[in-house]
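Colleague: Quick one: the structure is below, questions incoming.
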Amino acid sequence: MAFYRYLDNDGDGVTYRTLPGTHPKKGAYFVRGSGRNKYGGYTEDSSEYQEIVDRLRRKFDTAAELVPEPVIRTTRKPAKWAIVSIGSCDGAVTEAIDRLADKGINVNYCRVRAFPFSEKVTRFLDEHERVFVVEQNRDAQLKALLTLETDYPKQRMHSILSYGGLPMDCRCIVDAIEQTLAKGEAA
């Protein structure tokens, strides 16, 4: 039986993988996606290349339906502002939300757990006037991904970055949100 590395048998965009050493003479092989057709053969045919790229789009869309859902925490009182972050910042974000609530500042929270983003992440963003993206990355990669992969306006996202090599502390989050409030924007 022939094995075709890039053939999408069930239409979900995810092709099958070989198991190393399953063929007694050929063993396993992997080839890169670009420049190959769905059978793994080399091609310079534009339509065959486009077929591979379109399958990769379907694969990405399928993955967005299968990845772990975000963890969403909403306040009891209405909140126009929100924080979006990832797991390594969770403790600092949770503490910051509690400290802000003690000061009468209500923010909702979405802890993203996977990429590509599920539809819940997009809906969460759309429900808020301003989103603070909290991350421990100099280049604000989470914010960049949110900007590229959702329709949420970049101007309404504000980065809170802490990348000094130590675990994130809630103070930088509280300070950034309070400074935004001091500029006259209402939470």
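Colleague: Provide the net charge surrounding ARG57, with neighbours chosen by a C-beta distance below 14 Å and charges set as Lys +1, Arg +1, Asp -1, Glu -1.
Modeller: On the way: positive: ARG55, ARG58, LYS59; negative: ASP8, ASP12, GLU51, ASP54, ASP61, GLU65, GLU149.
Surrounding charge for ARG57 is -4.
Colleague: In the calculated pair distance distribution of the chain, what percentage of Cα-Cα distances lie above 21 Å? All intermediate terms of the calculation are to be shown ahead of the outcome.
Modeller: Numbers: 10367 of 17391 pairs.
Value for the chain (Cα pairs over 21 Å): 60 percent.
Colleague: Compute the helix-to-body angle for 170-182: its Cα long axis versus the longest principal axis of the chain, expressed 0 to 90° and rounded to tens.
Modeller: Approximately 60 degrees, to the nearest ten.
Colleague: If you don't mind, there's one more thing I want to ask. Which net charge results for the neighbourhood of TYR39, defined as the other residues with beta-carbon distances under 13 angstrom from its beta-carbon, given Lys and Arg at +1 and Asp and Glu at -1? List each step's numbers first, then the result.
Modeller: On the way: positive: ARG5, ARG36, LYS38, ARG55; negative: ASP8, ASP45, GLU48, GLU51.
Local net charge: 0.
Colleague: Can you give the net charge of the other residues whose Cβ lies under 15 Å from the Cβ of GLY11, counting K and R as +1 and D and E as -1?
Modeller: Working: positive: LYS38, ARG55, ARG57, ARG58, LYS59; negative: ASP8, ASP10, ASP12, GLU51, ASP54, ASP61, GLU65.
Counting the neighbours of GLY11, the net charge comes to -2.
Colleague: Then there is this: Using modelled amide H (1.01 Å from N, peptide plane; none on Pro or chain starts), what sits under 5 Å from the amide H of ILE160, excluding residues fewer than 5 places away?
Modeller: Result for ILE160 returns VAL133, VAL134, GLU135.
Colleague: Using only Cα atoms, locate the centre of the range 36-86 and the centre of the range 130-187, then give the distance between them in Å, rounded to an integer.
Modeller: 23
Colleague: Follow-up question, since we're still on this one. For a paramagnetic label modelled at 7 Å from the Cα of TYR16 toward its Cβ, which residues of the range 40-66 fall within the zone defined by backbone nitrogen distances under 17 Å?
Modeller: 40-41
Colleague: A further question follows. Using only the Cα atoms of the range 116-187, what semi-axes does the equivalent ellipsoid have when each is the square root of 5 times a gyration tensor eigenvalue? Give whole Å, largest first.
Modeller: Values: eigenvalues 85, 62, 18 Å².
Taking √(5λ) for each eigenvalue gives 21, 18, 10 Å, largest first.
Colleague: If you don't mind, another one. When all C-alpha to C-alpha distances in the range 71-182 are sorted into bins of 10 Å, what percent of pairs does each bin hold, rounded to whole numbers?
Modeller: 15, 53, 31, 2
A short reminder: the numbers here are calculations on the coordinates, not readings from a lab. All values derive from a computational prediction rather than experimental measurement. Please note: Cβ atoms are built from the backbone with ideal geometry, for glycine as well, and neighbour counts cover all protein chains shown.
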